[in-house]
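The values are calculated or read from the model by the stated rules, or taken from the named source; none is laboratory data. What you are looking at is a predicted structure, and each value in this text was computed from that prediction instead of being measured. Glycine gets a Cβ as well: all are built from the backbone with ideal geometry, and neighbour counts include every protein chain shown.
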Amino acid sequence: MSIEIRNITKDFGSFQALKNISLDVPSGELVALLGPSGCGKTTLLRIIAGLETPDSGNILFHGSNATERDVREREVGFVFQHYALFRHMSVFENVAFGLRVRPKATRPSDAEISKRVHKLLELVQLDWLADRYPPQLSGGQRQRIALARALAVEPKVLLLDEPFGALDAKVRKDLRRWLRRLHDELHITSVFVTHDQEEALEVADRIVVMNHGQVEQIGSPQEVYDAPASPFVYQFLGNVNLFHSRVNEGRAQIGGIELQLDAHQETKDSPAFAYVRPHDIEVLKEADGEHAFEATVNYIHAIGPLVRLELQRADNPELIEAELTRERFRELSLTEGQSVFIRPRNVRVFLNQVA
Amino acid sequence: MSATIVSQLHSYNKKVARSRATSEPAWVRWSLIAVSLLFLSLFLFIPLAAVFTEALRKGFGAYIAALVDPDALSAIKLTVIAAAISLPLNLVFGVAAAWAIAKFDFRGKSILITLIDLPFAVSPVIAGLIYVLIFGMQGWFGEWLIDHDHKVIFAIPGIVLATIFVTFPFIARELIPLMQAQGKEEEEAGLVLGANGWQILWRITLPNIKWGLLYGVILTNARAMGEFGAVSVVSGHIRGLTNTMPLHVEILYNEYNYAAAFAVASLLAFLALLTLALKSFIEWQASRDVIIDEQIEE
């Protein structure tokens with residue numbers, strides 16, 4: 001079932017949590033709402049579920065207006081950040097809850113409930129825990145039980161609030177791959193909230209980057225990573241170097257070098273920011289014409305597949321981060337304190353609107 | 001399974017006791033224990049023992065006779081009636097108030113919390129006087145009540161009202177911090193899964209607060225049966241009609257009928273001991289749940 005969000009606004013007192021949000025979640029997709037804490041992503045998720053009401057705007061489920069529809073009638077599954085398992089019920093009863101509270105007419109028989117619960121527990125690979133109580137489970141197990149419980153009512157939409165937030169790094173990685181596989185099996189329209197860009201980039205079909213109650217960019221993981229639409233998205237997704245720059249008639253000045261830009265042809269001498277990913281910083285031993293500037297190697301972090309360098313620009317106190325492959329690092333045979341030349345590739349320039 | 005829980009509890013206690021760095025020298029520990037024991041025996045054990053010795057001073061026959069005396073029986077009956085009416089009312093009010101405060105945000109929330117505490121702050125005598133001022137002969141509704149032949153003051157309704165007033169904070173006070181700590185995620189989860197309000201209350205909220213609720217009920221009951229000041233003002237001390245147990249004890253004592261006074265008092269003392277036993281049982285049950293939670297978190 002597709003979800004359409006139309007001009008949603010929500011205030012909490014004087015705090016504007018959501019400012020005129022519109023977006024579409026196509027049927028069967030796994031979408032991530034990504035943003036820093038306080039950006040309104042959880043509020044938006046709760047509005048989709050019906051746990052909050054928007055001040056204005058509409059939510060459409062499969063084309064029909066669901067804004068006024070009661071939570072119980074929305075057919076959504078919701079996985080809470082801290083799972084919210086019923087602590088006094090066994091795992092089995094937790095998963096069975098949604099079926100047991102149905103009115104008599106639509107409630108399955110006990111045998112049918114038992115069959116369905118065990119099937120769901122098998123799906124999340126925790127059938128052997130049916131008689132345990134939530135406090136006796138590990139975080140990852142609780143998470144999967146919460147998911148089984150949400151799926152028990154056969155929701156048309158699955159909503160997950162920071163699904164991996166409370167887990168340690170190793171479990172988190174396993175679980176997010178598992179969730180991705182599960183989604184590929186079930187094809188249920190899913191929206192999850194996260195502040196972790198790595199998580200969003202790895203799991204989601206589509207990412208909605210949010211900041212200050214507004215949508216900054218919507219796109220596939222590759223689109224938002226390779227072509228960020230705004231300085232915020234650049235800084236939020238992955239590491240990035242920021243250079244203060246001036247743009248004049250399609251040419252950007254960064255330190256001592258000048259770059260040809262595709263955009264900003266009409267701009268007359270205005271301040272701008274230039275963004276370069278650390279792996280797009282080329283490190284050279286010799287100066288290469290006008291397109292490189294001088295820097296000193298401050299630190300070398302040679303752990304993992306990439307070698308990270310912290311460089312100090314010679315012409316001003318800004319620090320630059322660069323990532324090299326181990327081969328390239330060996331070729332250069334760099335040491336700390338050494339003088340090098342750096343050349344940025346794939347520079348994105350945003351005009352400084354404020355100044 | 002309960003055996004493993006008990007052994008976990010033991011290892012938990014040992015873990016606390018074993019930390020050498022924070023323990024005091026032996027003589028400090030022993031003198032602290034001695035001081036507290038001395039204090040307790042002076043102010044608690046000896047008076048308590050005195051109640052039971054005095055009650056049985058004239059023999060077991062006299063003890064029973066004092067309890068089955070018609071006035072005593074009527075006092076016991078009235079005490080039970082007052083508790084039996086105020087308890088369910090407080091139960092409903094306590095859960096409703098705690099629910100409202102813990103799970104909703106609304107204007108005047110802090111005023112409501114302060115108002116719930118009012119009976120703790122006000123002297124019980126004043127609580128009684130308030131009802132006399134409202135329902136008494138010269139009170140606001142006095143004439144109307146006389147015209148319609150209703151009696152509130154110097155009658156059972158007054159006693160019940162005063163009892164409710166002095167006991168209503170107990171359950172709410174017990175539940176508010178508990179429900180605030182538990183948050184409303186479980187209730188929201190129930191809602192998303194399709195449960196209606198009643199189902200959420202019976203299947204999710206009440207099971208989660210059962211120990212706190214029971215604790216509050218026991219405290220309320222103890223206070224309702226033992227209340228003296230507020231009830232004394234509104235009761236009128238009519239023997240066999242408007243005397244509760246504490247008031248009956250006072251009357252007997254003032255008439256120098258010590259053995260009978262202590263016999264009735266021993267019932268109240270017994271109630272107190274029972275309350276303490278139940279209270280520690282509940283605390284043990286509740287802490288057991290918490291300890292298991294913590295061990296899993298580790």
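Structure data summary
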item	result
Selected residue (criterion: surrounded by the fewest Cβ atoms within 10 Å (Cβ to Cβ)) from residues of region A:1-23 that are out of contact with any Ser or Thr (no Cβ under 7 Å at 6 or more places or on another chain) and not small (Gly, Ala, Ser)	A:Phe15
Check on A:Ile47, over 25 Å from B:Gly190 (Cα atoms) and crowded, with 22+ Cβ neighbours inside 10 Å	no
Yes/no for A:His187 being surrounded by fewer than 16 Cβ atoms within 10 Å (Cβ to Cβ), more than 14 Å from every other protein chain (Cβ to nearest Cβ) and touching a residue at least 40 places away in the same chain (Cβ under 8 Å)	yes
Of residues in region A:99-138 being hydrophobic (A, V, I, L, M, F, W, C) and free of Cβ contacts under 8 Å to residues at least 12 places away in the same chain, the one nearest to the other protein chains (Cβ to nearest Cβ)	A:Val101
Residue count, region A:54-95 (criterion: within 13 Å of another protein chain (Cβ to nearest Cβ) and either outside any loop (DSSP other than H, G, I, E, B) or under 30 Å from A:Gly13 (Cβ atoms) (or both))	18
Spans of strands (runs of 3 or more DSSP E) in region A:198-286 with at least 1 residues among the acidic types (Asp, Glu)	A:214-219, A:257-260, A:281-284
Of all residues in region A:139-156 being in contact with a strand residue (DSSP E or B) (Cβ under 8 Å, 6 or more places away or on another chain) and outside any helix (DSSP H, G or I), the one that is nearest to the other protein chains (Cβ to nearest Cβ)	A:Val153
Helices (runs of 4 or more DSSP H) fully within region B:142-210 counting 1 or more residues that are basic (Lys, Arg)	B:169-182
Some residue of region A:8-25 being outside any loop (DSSP other than H, G, I, E, B), without any contact (Cβ under 8 Å) to a residue 60 or more places away in the chain and within 13 Å of chain B (Cβ to nearest Cβ)	yes
Within region B:88-121, tally of residues that are among the aliphatic types (A, V, I, L, M) and surrounded by 18 or more Cβ atoms within 10 Å (Cβ to Cβ)	6
Any hit, region B:219-229, residues being within 14 Å of chain A (Cβ to nearest Cβ) and either over 26 Å from A:Val79 (Cβ atoms) or in contact (Cβ under 8 Å) with a residue 40 or more places away in the chain (or both)	no
Single residue of B:Leu278, B:Leu206 found to be within 14 Å of chain A (Cβ to nearest Cβ), surrounded by fewer than 20 Cβ atoms within 10 Å (Cβ to Cβ) and in contact with a Leu (Cβ under 9 Å, 6 or more places away or on another chain)	B:Leu206
Tally of residues being under 13 Å from B:Thr205 (Cβ atoms) and within 14 Å of another protein chain (Cβ to nearest Cβ) across region B:171-194	12
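A quick yes/no check of all residues on (1) acidic (Asp, Glu); (2) within 26 Å of B:Ile171 (Cα to Cα); (3) modelled with pLDDT of 90 or more:
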{"position": "B:Glu186", "(1), (2), (3)": "yes, yes, yes"}
{"position": "B:Thr220", "(1), (2), (3)": "no, yes, yes"}
{"position": "B:Ser232", "(1), (2), (3)": "no, yes, no"}
{"position": "B:Ser235", "(1), (2), (3)": "no, yes, no"}
{"position": "B:Arg239", "(1), (2), (3)": "no, no, no"}
{"position": "B:Asn257", "(1), (2), (3)": "no, no, no"}
{"position": "B:Thr275", "(1), (2), (3)": "no, yes, no"}
{"position": "B:Arg288", "(1), (2), (3)": "no, yes, no"}
